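Structure record follows, encoded as structure tokens.
The values are calculated or read from the model by the stated rules, or taken from the named source; none is laboratory data. Keep in mind the model is a prediction, meaning the values are calculated, not measured. Positions of Cβ are backbone-derived with ideal geometry, glycine not excepted, and every protein chain shown enters the neighbour counts.
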Amino acid sequence: MSGGGRVQLELPKILELLPHRYPLVMVDRVTVLEPRVSIQGFKLVSANEPWVQGHFPGQPVLPGVLVIEALSQLGGLLAYASEPFDTTRSMLYFLGFEKVKFRHRVAPGDRLDLCVEVMQHRTNVWKFRGEATVEGTLCAQGELLASVIDRHG
């Protein structure tokens, strides 16, 4: 995964790189990837996802925490693309979130477009800025702090 521009990662490669499994895989495809700079992708929000029945019955809304999770997972893919690490020995752990704001609801049937860019990178610590939109409307944004950590430590 090198070079920038229109690099696509489809679900099999995403599942190879992320430690997450269903129902917590929140990235369906990566559409643009520029290592050390930014990444774009999306999640197709489906009516058959487990959160729909309880959040909120009759008017389902994708929980904001899952929107931030989607941005976090995309950030993990960007960190891996920028400085590949052995995913059997290490993984990207998120340490904190700042300036998170929820602006608009996300519902089943929406395509949640995700964009994450590197704000800062030092040794194994990453700081990202992320935005999630639906049809050009800003739904959530925030800054994410993460670190590559030994899985067995």
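Go through segment 130-141 residue by residue and tally those that are touching a Leu at 6+ places or on another chain (Cβ under 8 Å) and surrounded by fewer than 19 Cβ atoms within 10 Å (Cβ to Cβ).
Selection size over segment 130-141: 1.
Search segment 112-139 for residues that are touching a residue at least 60 places away in the same chain (Cβ under 8 Å) and more than 13 Å from A79 (Cβ to Cβ) and pair each with any residue that is surrounded by 15 or more Cβ atoms within 10 Å (Cβ to Cβ) and among the basic types (K, R) when their beta-carbon atoms are under 6 Å apart and the residues are at least 6 apart or on different chains.
Pairs that qualify, where the first residue is touching a residue at least 60 places away in the same chain (Cβ under 8 Å) and more than 13 Å from A79 (Cβ to Cβ) and the partner is surrounded by 15 or more Cβ atoms within 10 Å (Cβ to Cβ) and among the basic types (K, R), are L112/K43.
Being outside any loop (DSSP other than H, G, I, E, B) and over 24 Å from P12 (Cβ atoms) narrows it down to one of V106, V148, V61, V118, so name that one.
V118
Of (1) in contact (Cβ under 8 Å) with a residue 24 or more places away in the chain; (2) surrounded by 14 or more Cβ atoms within 10 Å (Cβ to Cβ), P23 satisfies all except one. Which?
Result: P23 fails condition (2) only.
Please specify each residue of segment 17-44 satisfying the condition of being in a loop (DSSP other than H, G, I, E, B) and hydroxyl-bearing (S, T, Y).
Across segment 17-44, the qualifying residue is only Y22.
Conditions tested, residue by residue: (1) surrounded by 15 or more Cβ atoms within 10 Å (Cβ to Cβ); (2) closer than 21 Å to P60 by Cβ; (3) not hydroxyl-bearing (S, T, Y).
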position	(1), (2), (3)
T87	yes, no, no
S90	yes, no, no
F97	yes, no, yes
F102	yes, yes, yes
P108	yes, yes, yes
L114	yes, yes, yes
E117	yes, no, yes
F128	yes, no, yes
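Which of the following residues is touching a Leu at 6+ places or on another chain (Cβ under 7 Å) and basic (K, R): R89, R103?
Details: R89 fails: touching a Leu at 6+ places or on another chain (Cβ under 7 Å).
Unique residue meeting the criteria: R103.
Take the residues in segment 107-133 that are within 15 Å of the chain's Cα centre (by Cα) and of a type in the set (V, I, T), then tell me which one is nearest to V30 (Cα to Cα).
Per the criteria, the residue is V116.
Among E83, E98, E69, which is the only one that is at pLDDT 90 or above, under 16 Å from the mean Cα position of the chain (by Cα) and under 17 Å from M119 (Cα atoms)? Outline the logic, then answer.
Working: E83 fails: under 16 Å from the mean Cα position of the chain (by Cα); E69 fails: under 17 Å from M119 (Cα atoms).
Residue meeting the stated conditions: E98.
Considering segment 74-94 alone, what residues qualify as being within 15 Å of L144 (Cα to Cα) and in contact with a helix residue (DSSP H, G or I) (Cβ under 8 Å, 6 or more places away or on another chain)?
Those that are within 15 Å of L144 (Cα to Cα) and in contact with a helix residue (DSSP H, G or I) (Cβ under 8 Å, 6 or more places away or on another chain): G76, L77, L92, F94.
Filter segment 31-45 down to the residues that are closer than 13 Å to A79 by Cβ and of a type in the set (A, V, I, L, M, F, W, C), then identify the one that is surrounded by the most Cβ atoms within 10 Å (Cβ to Cβ).
Result: I39.
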